[in-house]
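Let me begin by presenting the structure, written as structure tokens, before commenting on it.
The values are calculated or read from the model by the stated rules, or taken from the named source; none is laboratory data. Worth saying up front: this structure is predicted, and the values here are computed from it rather than measured. Reconstructed Cβ throughout: ideal geometry from the backbone, glycine too, with neighbour counts over all protein chains shown. Remember, those area values only see protein heavy atoms, side chains included, never the ligands or the DNA or RNA. Shrake-Rupley method; radii C 1.70, N 1.55, O 1.52, S 1.80 Å.
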Amino acid sequence: MSTRREQIEDVASALFSHRGYRATSMRDIARELDIRGASLYAHIPSKEAVLASIVERAAERFHQAIQPIAAGPGPAAERLRRMIAAHVEVVTSGRERAQVFLFEWVALSQERREQVARSRDAYEDHFTRVIAEGIAAGELAPADARMAAVFLLSAMNALAHWYRPDGPLSPDAIARQYADLFLCGLDRGQPQRAASATAGGSR
């Protein structure tokens, strides 16, 4: 059974993800919970505190899912596949909370934003490091590892906007397609093919 705090965060996540943080009031949250505003304040001191808690919990889930894989053994390409699957799982298993973490965190106060930014940078670093290891090992084509990580994360984070549990693709299928698209794009033969296509298109 969920606690009242979890219920508040679930409702707030739904409202923040659909309406946006700024367009949602504490009264809206209380109304959805069918409680008085005063009762809501007994559990949470402010709307920003709700947002901060949602963001912090989501960040923890992402880090816990990815860090052991990134730091673990095995070829970089295989670890990237598992990291992609883990990231997709976190987003799809709690889409509204993930959407709030990914896109509404900018509404936090400056000090809290700075903390979240550091956490997001550290998370991105996991992907950057594994991609760089793959490049150094010759598994992946030479590329800007950080740019590749940003590209991959941007694509996966968009899931929070369009994924639906009743859609045609399961989270596993989505993860496999993302991994295939990304890793084939970093295939060692790809730069030559891309260069050839570019030259052909310029004539």
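Some values worked out for this structure:
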| quantity | calculated |
| --- | --- |
| Hydrodynamic radius by Kirkwood, which averages 1/r over all alpha carbon pairs of the range 54-120, in angstrom | 12.7 Å |
| As computed over the range 1-114, the Cα convex hull volume per residue (Å³) | 115 Å³ |
| Point-to-point label distance, HIS43-PHE103, nm (Cα→Cβ direction, 7 Å offset) | 2.5 nm |
| Heavy-atom accessible area per residue - the range 1-59, 1.4 Å, Å² | 55 Å² |
| Charge dipole (debye, nearest 20) of the chain; +1 at Cβ of Lys and Arg, -1 at Cβ of Asp and Glu | 280 debye |
| Protection proxy ranking, peptides 46-53, 105-112, average beta carbon neighbours within 10 Å, highest first | 46-53, 105-112 |
| Nitroxide proxy distance, nm - points 7 Å out along Cα→Cβ at ARG164 and GLN7 | 2.9 nm |
| Carbon plus sulfur fraction of accessible area for the chain, probe 1.4 Å, in percent | 52 percent |
| Residue-averaged 222 nm ellipticity for the chain, from DSSP H runs of 4+ at -39500 (n - 2.57), nearest 500 | -23500 deg cm²/dmol |
| Ratio Rg/Rh, restricted to the range 58-198 and using Cα atoms, in which Rh is the Kirkwood radius | 0.99 |
| Potential extension, ALA117-ARG129 segment - 0.36 nm per residue separation minus Cα distance | 2.5 nm |
| Where the range 81-170 is the region considered: accessible area per residue in Å², 1.4 Å probe | 49 Å² |
| Rounded FRET efficiency, nearest 0.05, which uses the C-beta distance separating ARG57 from ARG36 and R0 of 30 Å | 0.75 |
| Probe 1.4 Å, all protein chains present, accessible-area order of ARG57, ARG31, largest first | ARG31, ARG57 |
| Cα coordinate range in the range 122-176, projected on the principal axes (Å, largest first) | 40, 21, 15 |
